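To start, the structure under review is shown below, and the notes come after it.
Bear in mind that the values in this text are calculations on the coordinates, not laboratory data. Since the model is a prediction, treat every value here as computed from it, not as a measurement. We place every Cβ from the backbone using ideal geometry, glycine too, and count neighbours over all the protein chains shown.
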Amino acid sequence: MRHHIHRASLVAIAILLASCGCPDITTGPVDDLKVHSDDIYEFVPDYLVAPTDSTAGIKDDRWSITTFQFPSAVNSGGESVTDTRVSDARDLEIRPGTPFDDLTAKPSVTYTARLFTRKPPNGTLSGDVMVVSVDPPNSARLRLFNNAQLWRTRQPGMSVQDFVDYIDVNAPRPSRKPNGDFIPLSDTIVPSGGVIKYFDANDVQVGIEGDNGAADKAFKADSRNLDQLLRNRTQALEHDIIVKPGEVYYYVARNGVPFAVYIWDISDRPTGQHGARQNYVAIRFAALRGPEACDAQ
């Protein structure tokens, strides 16, 4: 009878942990690091021929609309998240509409300017990491859901054990708190902005202005709000960072779990379509602590 009671107690504890959001038993600082790896492909939502109501369109041979999301469970390897918001050549609206008057019309007509993109801003990513562009094998441009910090020492070609040893030095046991030996992220880029589309009172698109500043319909706007949108449209996208092989970053994922992230490789591989090659960033990573929500359990 005592063994049955003990077994029932273990089941009850497991149910309690699951009910409070703990995806595995590891909570607090991680002593035995679990190193995982993943290849994150460049985010290419483009179509060579846009789809219509009756046709599927033709995707770019490098087409990919996935971002990478770090795991909540220490023993898990994370996952690729498909951003369906920009599938089928759709644009994602990232700023509320700004009304303005077009004074070239007599009488003047009120339009609305709205900001769109197919590469979502940092705080609206479907996962944690988007590969914006790649220059293999030298560097890649990443967009992160949260900010990252770069450890001072860069070590290309680390094995899994080398990476574990690196973490033991820079985020030592027992606390697994980073030693703070970070350097500023000097290679940050403000994206080129989005696309501004103009709509009439019936929500019909009547104009567009792309990244090159050219508009297919000239408006003479009498609106400081529109001027502000034109000047600050890049601010909606926040910033990207440039990463290089051998760099190690401290990053707290959107789920609250802190990770050491190693830029293992930056390369490309054949897509199997018309000789095209698909760019990717290979990372290794390890959780430094279990889910924060479980630390007090």
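For the modelled label position 7 Å from the Cα of T84 along Cα-to-Cβ, which residues of region 95-125 have backbone nitrogen atoms closer than 18 Å?
Flagged as within label range: 120, 125.
Set Lys and Arg Cβ to +1 and Asp and Glu Cβ to -1, take the dipole of region 105-196 about its Cα centre, and tell me which of I167, A148, I189 lies farthest positive.
With unit charges placed on the Cβ atoms, the residue in question is I189.
In whole Hz, what ³J(HN,Hα) sequence does region 76-93 give by Karplus (6.51, -1.76, 1.60; θ = phi - 60°), x for Gly and Pro?
Residue by residue, region 76-93 yields 8, x, x, 7, 8, 10, 7, 8, 5, 5, 10, 6, 6, 6, 7, 9, 9, 7 Hz.
Quick one: which residues, 5+ away or cross-chain, put their amide H under 5 Å from the amide H of D265? H built at 1.01 Å from N.
Amide H neighbours of D265: A282.
Quick one: of K34/K119; K119/K177; K119/K244; K106/K197; K59/K197, which pairs are farther than 26 Å apart, Cα to Cα?
From K34/K119; K119/K177; K119/K244; K106/K197; K59/K197, over 26 Å: K34/K119; K119/K177.
May I ask for the Kirkwood hydrodynamic radius of region 236-287, worked out over all distinct Cα pairs and given in angstroms to one decimal?
13.1 Å
Hey, what do the phi angles of region 146-160 turn into as Karplus ³J(HN,Hα) couplings, whole Hz, using 6.51/-1.76/1.60 and θ = phi - 60°, x for Gly and Pro?
Those phi angles translate into 10, 6, 10, 10, 9, 5, 5, 7, 9, 9, x, x, 5, 7, 4 Hz.
Ranked from highest to lowest mean number of other Cβ atoms within 10 Å per residue, what is the order of the peptides 154-163, 37-46, 132-141?
For the peptides 154-163, 37-46, 132-141, the packing ranking is 37-46, 132-141, 154-163.
Search the structure for amide H atoms under 5 Å from the amide H of R95, placed 1.01 Å from N in the peptide plane, and list their residues when 5 or more places away or on another chain.
Placed amide hydrogens put L115 under 5 Å from R95.
Using θ = phi - 60° and the Karplus form 6.51 cos²θ - 1.76 cosθ + 1.60, what ³J(HN,Hα) does each residue of region 196-202 get, whole Hz, x for Gly and Pro?
8, 10, 10, 10, 8, 5, 9
Please grab the % of Cα pairs in region 60-181 that end up more than 24 Å from each other.
52 percent
Please compute the modelled spin-label separation between D268 and D32, points set 7 Å along Cα→Cβ, answer in nm with one decimal.
Modelled inter-label distance: 4.2 nm.
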